Amino acid sequence: MAADVTVFAAASLKNALDEISATFEAETGHSVSLSLAGSSLLARQIALGAPADIYLPASPEWMDYLEGENRLIPGSRRDLLGNRLVLVAPIENPGAIAGFEDPALFDHLGQGKLAMAMVEAVPAGVYGKSALQSLGLWQDLAPHVAQTDNVRAALALVAAGAAPLGVVYASDARAEPRVSVLAEFPAQSHAPIRYPLALVQGPGGPAVEAFFAYLQGPKARDAFLSAGFDVIAE
């Protein structure tokens, strides 16, 4: 019998999860409902009782939060994916910089905005602020930052030409042909980007268990890799 599976996941996972859920549905007859938004918003919704079966955020901290709220099924948590952080510009006006120490970075920005997810709450914004602080750039760039609800909204600002620069994940840049990657942030400039996976307390059922396993299987792995994520082997 077909059954619904509800997945609350980071917005940066949209392309990969759209593909994975469509394949799973075709193979099993079950239906998958994706709720994609900032990891912090989703975690708060789950803590308040939102009917999620699976949680896949872009931050271990928000998984820790739900663990502390006893909203996860014990033993189900594991790190699934990794990612990288990049600086992007509109494809029609990419400019060029030799790195984050290049003064051309500020010339490129001018009086425009640096699009970022919310820097105190959304993982991509938190990682981005940490990286810019590590590189000694945050104080100068902070007045230019345009904060968005999630990383895909920041990406959209750059893609539309509304912001000359943005800080997003490498997977986001790969998914959007209207942006160009100017530079990749050094891995040591921010905490490792990890996407943990866990089952949420609730009715569960065979369909939920099946999709949970499918997310860790070979077809999902290929889709994640194709989308630009790193797959963490356990």
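The values are calculated or read from the model by the stated rules, or taken from the named source; none is laboratory data. Treat the numbers as computed from the prediction; the structure is a model and nothing was measured. Here the Cβ is made from the backbone with ideal geometry for all residues, glycine too, and neighbour counts use every protein chain on show. Protein only, heavy atoms only, side chains kept; ligands, DNA and RNA dropped before computing areas. Shrake-Rupley method; radii C 1.70, N 1.55, O 1.52, S 1.80 Å.
Some notes on this structure:
- Global dimensions of the stretch 4-90 from alpha-carbon coordinates: Rg and Dmax equal 13.9, 44 Å.
- Label separation (residue 213 vs residue 188): 4.3 nm, computed from points 7 Å beyond Cα along the C-beta direction.
- Bins of 10 Å, starting at 0 and running to the largest distance - Cα pair percent for the stretch 1-55: 25, 51, 23, 2
- Convex hull volume per residue for the stretch 106-189, taking Cα atoms only, in Å³: 86 Å³
- Across the protein chains, with a 1.4 Å probe defining accessible surface, the residues 65, 214 rank 65, 214 from largest area downward.
- Excluding same-chain neighbours fewer than eight residues apart, the lysines reachable from residue 129 by a Cα-Cα span under 30 Å are 14, 113.
- The chain - percent of accessible surface contributed by carbon and sulfur, probe 1.4 Å: 52 percent
- Globularity index of the chain, i.e. its alpha-carbon radius of gyration over 2.2 N^0.38 Å: 1.04
- By average C-beta atoms within 10 angstrom, highest first, the peptides 73-79, 85-91: 85-91, 73-79
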